[in-house]
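Heads up, the thing below is written out as C-alpha cells.
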Amino acid sequence: MLPPVPTLFPGQEERERLDDLLTRELARANERVAGGSVVPTLDVAAFKRELAAYDFGAPHPLEALLHWTIAQMERGVVHMTHPRYFGLFNPAPTFPALCGDRVTGAFNPQLATWRRAPAAVEIESHVVRAVAKRVGLPAHATGHFTSGGSEANYTATICALTRANPRFAAEGARAFDGAPVFYISRESHLAWVKIAHQAGIGRDAVQLVPTDGSGRMDANALAEAIKSDLRRGSVPVMVVATAGTTNAGMIDPLVRCAAIARESGLWYHVDAAWGGALVASAKLRGAIEGIELGDSVTIDAHKWFATTMGCGMFITTHAPILSSAFQVSTGFMPSNVADLDPYVTTAQWSRRFLGVRLFLSLGAAGWPGYAEHVERAVDLIALLEQLLAARGWTIANSSRLALLCVEPPKGLGTVQEIASRVLASGRAWVAVAKFEGREVIRVCLTHGEAAEDDIVQLVDVLNTPQ
Ligand SMILES: Cc1ncc(COP(=O)(O)O)c(C=O)c1O
C-alpha cells in the first residue's frame, strides 16, 4: 500500500509551520496593499512566462508556491482591501468572515443534506431566519445561502414561474398560454437578462420599466406595462423592485411596487443585494421600508455585510413553492426532506458551508455593530458629497446609501478622463457609470475601515488635473 502523498497531505508539524507562515505573509501583504497601489501593477508578460513554467511535470515546494502566489495577488488584482477602493460593492472582508473561510475549509462539510452536516445546516438556517426577522418578514419566512445575488435572483424567478403555473415544473415556458414576462426597472442589475435566459423563458421576458428621472422605477409606468402586456396576451409573473441600484444606490418605491404586484396577482421580489444591509440600522432602515412586503428578498452578505465572496441569501415567505421548485428524489442521497435538506430547496446540490462567515460576523458584531458599519459608510459619503459640492462638482443622484454619482466641474476633463487619471495614479479606484442617461463618476464606500483622510485624498486626486 502506498503511503499518503506527503506534498498533498503533509504531517501536522509541517502544516502548522506553513499555516503560521501563511498567516504572517498574508498580514504583511495586506499592510503593503493598504499603503500601495489600488490597481494592478503586474508586468503581464513576465507573469505569463513565470506561470507557463508551472507545467506540473514536477512538484514545487509549497512554501515557494505560496510566496509566488501571494506576490502575484499583490501585484495582479484590483485591491478591494485597499481603503480607497470606492468600487462595485466588493468589500474588504470582515475578520470574522476570514476566520469562517478557514473553518469551512478545514472541515469541508457537505451541506446537501441535513443528516450529513446538521450543525452547519442549522447554523445557516438560524442566520437566514434571523436576517428574515430583521427584514420584518413573517415568522414562517425561510431561505438559504446562495453563491451571490444572481443565484438568489434566479431562485426568485423560478419560484415566481412555479407559482404562476403549476405545470411550469414539467413543461417549462410551454406551460403558459402566452409568453411569461417580468418587470424590473431599467436601472436595475441586468444579470436579470441572463436569469431569464437560464430560466428558459428567454431574454425578451424581461420588461424594462422606465425610471422617474431619479433612478427609481416609475410605478405608474409599471402599472401601465402590466396592463399593456395582459392586453397583448403575455403572462406577467413577477415584479422586481431594487433596493439599492447598482449604478446609483437608488431605491425603487417598494410599497407602491408591492401594491401593484398584489393587485395583479404577481410575485413580488425585492432585490436588496447591497441595500439590504440597512436593516441593521434603526436610523437608516426607513429608507428601505416596504422590503418586508416581498414574497422574496435577495440580500448579499458579500456586499455590505462584508463577508468574503460567494455569500448571498435568498429569503421567501413561500417555503412550499421553494421546495416544489427544487424537489428531486434519488436513491443515493440519505434523505429527501423538503424543509430540511438544502439540495431539495435550492439551485445547488453539493453545498459549501457558506453562511458561517455571516454567522461569525453577526455573532461578533451583533446588529449594533453592523448598524455602526453601515452608518459610518453613509456618513463618509456625506462628507465626500459636501467636499465635492464645495469644489463645484454636481451631485447626480440622491441616494440614502453610501454611493455618490458625480459630474465634474468644467475644466477638469471628461468623466472618462478623470476616472482614468484616478486609476493611473493608483491612489484610488472609482467607476464610470451611466445614471439616467448621464455619464457619471460612481463612488461607493465599500471598506469598513476607510476613514476621513481617505475621503480627503479621494477629493484631492479627483481634482488633480493632468
Ligand atoms: C442590485 C444587485 N442585484 C444583484 C447583483 C448580482 O449579485 P452577485 O454579483 O452577487 O451575483 C448585484 C451586483 O452588484 C446588484 O448590485
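The values are calculated or read from the model by the stated rules, or taken from the named source; none is laboratory data. These numbers were taken from a predicted model, which means no experiment stands behind them. Positions of Cβ are backbone-derived with ideal geometry, glycine not excepted, and every protein chain shown enters the neighbour counts. These accessible areas exclude ligands, DNA and RNA; they are computed on the full protein's heavy atoms, side chains included. Shrake-Rupley method; radii C 1.70, N 1.55, O 1.52, S 1.80 Å.
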Quiz item: Relative contact order of segment 134-220: what whole-number percent is it, with Cα pairs under 8 angstrom and at least 6 residues apart?
Solution: 25
Quiz item: Which aspartates and glutamates, on any chain, are close to LYS227 with Cα under 18 Å apart, when same-chain ones fewer than 8 places away are left out?
Solution: ASP177, ASP204, ASP218, GLU263
Quiz item: Which of GLY149, PHE168, GLN72 sits closest to the plus end of the dipole of segment 54-191, meaning its Cα is farthest towards the positive end, when Lys and Arg get +1 and Asp and Glu get -1 on the C-beta?
Solution: PHE168
Exercise. Please work out how much accessible surface ARG427 shows to a 1.4 Å probe, ignoring ligands, DNA and RNA, in Å² rounded to 10.
Key: 80
Quiz prompt | Ordering of 245-256, 320-331 by burial proxy (mean other Cβ atoms within 10 Å per residue, highest first) | solution = 245-256, 320-331
Exercise. Might you report the magnitude of the Cβ-based charge dipole of segment 218-339 about its Cα centre, with Lys and Arg at +1 and Asp and Glu at -1, to the nearest 20 debye?
Key: 80
Quiz item: Which whole-Hz ³J(HN,Hα) couplings does segment 414-428 yield from phi under the Karplus relation 6.51 cos²θ - 1.76 cosθ + 1.60, θ = phi - 60°, glycine and proline marked x?
Solution: 7, 4, 4, 5, 5, 4, 4, 4, 4, 5, 5, 5, x, 7, 7
Quiz prompt | Selection from ALA97, ILE321, LEU2, by position along the positive dipole direction of the chain (Cβ) | solution = ILE321
Practice problem: Could you work out the Kirkwood radius for segment 351-452, taking every pair of different alpha carbons, averaging 1/r and inverting it, reported in Å? | Solution: 15.5
Exercise. Provide the solvent-accessible area of ARG32, counting protein heavy atoms only and rolling a 1.4 Å probe, rounded to the nearest 10 Å².
Key: 120
Practice problem: Output ³J(HN,Hα) for segment 143-150: one whole-Hz value per residue in order, computed from phi by the Karplus curve 6.51 cos²θ - 1.76 cosθ + 1.60 with θ = phi - 60°, and x for Gly and Pro. | Solution: x, 7, 7, 10, 5, x, x, 5
Quiz item: Which percent of the accessible area of the chain is formed by carbon and sulfur heavy atoms (probe 1.4 angstrom)?
Solution: 57
Quiz prompt | Part-to-part distance (alpha-carbon centres) for segment 219-294 and segment 387-466, which is given in Å | solution = 29
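Let me spell out the model: positive unit charges on the Cβ of Lys and Arg, negative unit charges on the Cβ of Asp and Glu, origin at the Cα centre of segment 315-466. What dipole size does that give, in debye rounded to 20?
400
Please give the calculated 222 nm ellipticity per residue for the chain, where each DSSP H segment of at least 4 residues contributes -39500 (n - 2.57) and the sum is spread over every residue; nearest 500 deg cm²/dmol?
Values: 14 runs with 197 residues, N = 466.
So the helix-based figure for the chain works out to -13500 deg cm²/dmol.
Take the Cβ-Cβ distance between SER335 and HIS197 as r, set R0 to 22 Å, and report the resulting FRET efficiency rounded to the nearest 0.05.
According to the calculation, E is roughly 0.10.
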Self-check item: Rounded Å value of the spacing that divides the Cα centres of segment 298-356 and segment 21-84
Solution: 34
Quiz item: Rounded to the nearest 20 Debye, what is the dipole magnitude of the chain about its Cα centre when Lys and Arg each give +1 and Asp and Glu each give -1 at the C-beta?
Solution: 700
Self-check item: Relative pair counts by distance (%), Cα atoms of segment 326-385, 5 Å bins
Solution: 4, 15, 14, 12, 10, 11, 11, 8, 7, 5, 2, 1
Quiz item: Hey, if you drop one equal point scatterer on each alpha-carbon of segment 16-81 and run the Debye formula without solvent, what base-10 log of I(q)/I(0) do you get at q = 0.12, 0.21, 0.25 Å⁻¹?
Solution: -0.36, -0.95, -1.12
Quiz item: Which whole-Hz couplings ³J(HN,Hα) result when phi for each residue of segment 27-34 is put into the Karplus expression 6.51 cos²θ - 1.76 cosθ + 1.60, θ = phi - 60°, listed in order with x for Gly and Pro?
Solution: 5, 5, 4, 4, 5, 5, 4, 4
Quiz item: Of ALA241, PRO253, ILE288, whose Cα points farthest to the positive end of the dipole of segment 233-325 (charges on the beta-carbon: +1 Lys, Arg; -1 Asp, Glu; origin at the Cα centre)?
Solution: ILE288
